[in-house]
Amino acid sequence: MKKHLVSMVQGILCVRIQGASPELFFTVCAQDGVVFHSIQRHADGEYTAEIFSADHVRMRHAARIAGCTVHVLQKSGIPFLAAGILRRKILLIGAVLFAACVFWLAGRVWYIHIEGCESVSQKELLEALAEAGLKTGVRRSRLPMNSIKTDVIIRIDKLSHLTINFRGVGAYVHVWERKDTPIALDESTPCDVISDKTGVILRLRVRTGVSKVKIGDTIQPGDMISEGTVVSTQGKVTLLHALAEADVRTWYTFRAAIPKETLVGSAQPGVPSYSMILGSRRFPLQRIENAVDPWYDKHIEKEYLRPHPDFRWPIALEKTYCSNIREQPQPISPDMAEALLQQRMLSRILLAHPDAELVNWSFERKESAGAYIGVLRVEMIETTGKEVPIVR
Amino acid sequence: MKEKRKGKLLYRYSDIVDQRLHELKSLYGNLVLVTMEGERAVIIEQHNGILRYSDEEILIAAATCQICVQGMNMEIRSLDQSSIRIEGQILGVNYLYREQA
């Protein structure tokens, strides 16, 4: 392949050799440094061969000695192709214009791909991008990326962040939308109170509204605790801002696993290396300073030259130990695994439910292939009551 | 920096290879080196030129002898100052000394 490419770049001539002694001709040519390819014998005293175009001139000397004539049958390769093209000026101009066109077009944005849109429509985002300066056909190098991003975020309130990347002639815009935090309802807004947990009601506090549950009832997410729509005996409907909360007893089961083996690193002290410190510069006293092992712990000790306890010269001897750390598998005992799992799972539950009161819990350890599995069952008391506005 | 070092290293290796080749050449003098690739190709290095060329027989001159390559549909695929590559159905390679030649 490489040879073929080289011959294409240099240019190849297919020549016909006729004469008294073609063998002598080939020998003299080879001694002159001419390289032949595919020498074929056609008839007595007639041969064809392929040579590099640069060798053609060198063959004259050999032809004179051997009494042969050389005729060029065919020319191929880039030099001949280029010579043919260079003669056609319009074609050349066309090629140059085409290259210029491709170069000009390749520096521009020709499509915009948008990802991450949920509540914001792509049309809205494309319009905002166009107003900020990013639209199809603009030159990529002249785009003020930071100001475009800021402009788009200012124009569309729902966006929190966006990135713009260019690949080829495309602009890839990835947007992240703002997540609305629940807003506490105004006291004048009529609303119902619903549950967002599953459990049994332990205590119930209804300040406003009509209670729909009683102590001891089982509730699920979405069940009404207090209703804000009050109908009088005369049939008059009044909408209230319901205020209620319920303490519910909830039960959860959590599972977690840890492997039966772990890798424990043990440090093996290596050979210390010494360096001299003069001012802020460090001069190694050994030639090789690198740690022999990729996993190592480095300990550095510096001993300054101190003529007095309160004064030190900026000269020190630095001693560096590189302790190799070899990791070896070590089995975990069942008791240790149980303690670890229990501690981790409880701390995770308390983090996930910070306001809950942990009443009771039980832990069970199971074993499977290569792992210990912990099952934690907890009983908690949580407060529930989510305000939902009444849609009229 | 790395590239430079790599280049230097390669240069040094090529120097070593060159030196070894020269040593070999001085050791074997101008002996011809014949390499056969199965029955399909013969490569002859350190030749002194072509003496006869036909489809069935190619006679190559060397310093101490002549090499006669016999076969069918043979063709010289490449020829330069140092080596000849002959391809085709090779039937035999004979070394001809002065008396035989």
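Does A:Glu379 satisfy being surrounded by 15 or more Cβ atoms within 10 Å (Cβ to Cβ), touching a residue at least 60 places away in the same chain (Cβ under 8 Å), in a strand (DSSP E or B) and touching a Lys or Arg at 6+ places or on another chain (Cβ under 8 Å)? So A:Glu379 fits the description; yes. Can you find a residue that is closer than 30 Å to A:Ser280 by Cα and either among the small types (Gly, Ala, Ser) or assigned to a helix (DSSP H, G or I) (or both) anywhere in the stretch A:320-332? Yes: one or more hits. Counting only residues that are at the interface with chain A (Cβ under 10 Å from one of its Cβ atoms), in contact (Cβ under 8 Å) with a residue 12 or more places away in the chain and either touching a Ser or Thr at 6+ places or on another chain (Cβ under 6 Å) or part of a strand (DSSP E or B) (or both), the stretch B:35-58 holds 5 of them.
Take A:Gly77 and tell me if it is in contact (Cβ under 8 Å) with a residue 24 or more places away in the chain and surrounded by 14 or more Cβ atoms within 10 Å (Cβ to Cβ). In short, yes. Note on the stretch B:59-74: residues that are within 11 Å of chain A (Cβ to nearest Cβ), touching an Asp or Glu at 6+ places or on another chain (Cβ under 9 Å) and crowded, with 16+ Cβ neighbours inside 10 Å total 2. Considered as a group, the residues in the stretch B:74-97 that are assigned to a loop (DSSP other than H, G, I, E, B) and not charged (D, E, K, R) include one that is nearest to the chain's Cα centre (by Cα), and that residue is B:Ser82.
Across the stretch A:159-197, the qualifying residues are those that are touching a His at 6+ places or on another chain (Cβ under 9 Å) and of a type in the set (Gly, Ala, Ser), and the one among them that is surrounded by the most Cβ atoms within 10 Å (Cβ to Cβ) is A:Ala171. Within the stretch A:320-367, being within 32 Å of the chain's Cα centre (by Cα) and in contact (Cβ under 8 Å) with a residue 60 or more places away in the chain holds for A:Ile325, A:Arg326, A:Glu327, A:Gln328, A:Pro329, A:Arg344, A:Met345, A:Arg348, A:Ile349.
Selection of the stretch A:13-65 for residues being within 55 Å of the chain's Cα centre (by Cα), more than 13 Å from chain B (Cβ to nearest Cβ) and at pLDDT below 90 yields A:Ser53, A:Ala54. Which pairs do you get when a residue that is more than 17 Å from A:Arg203 (Cβ to Cβ) and touching a residue at least 12 places away in the same chain (Cβ under 8 Å), found in the stretch A:243-254, comes within reach of a residue that is surrounded by fewer than 17 Cβ atoms within 10 Å (Cβ to Cβ) and among the aliphatic types (A, V, I, L, M), reach meaning Cβ atoms under 8 angstrom, with the pair 6+ apart or on two chains? Pairs that qualify, where the first residue is more than 17 Å from A:Arg203 (Cβ to Cβ) and touching a residue at least 12 places away in the same chain (Cβ under 8 Å) and the partner is surrounded by fewer than 17 Cβ atoms within 10 Å (Cβ to Cβ) and among the aliphatic types (A, V, I, L, M), are A:Thr253/A:Val375; A:Phe254/A:Val375. Residues that are modelled with pLDDT of 90 or more, under 24 Å from the mean Cα position of the chain (by Cα) and β-branched (Val, Ile, Thr) do occur in the stretch A:114-129.
Within the stretch A:8-26, residues that are more than 16 Å from A:His71 (Cβ to Cβ) reach partners that are part of a helix (DSSP H, G or I) and of a type in the set (S, T, N, Q) with beta carbons closer than 9 Å, at six or more positions or on different chains, in the pairs A:Gln10/A:Ser53; A:Gly11/A:Ser53.
The values are calculated or read from the model by the stated rules, or taken from the named source; none is laboratory data. Only a predicted model underlies this, so the values are computations on that prediction, with no experimental measurement involved. Heads up, the Cβs are rebuilt from the backbone with ideal geometry, glycines too, and the neighbour counts pull from every protein chain shown.
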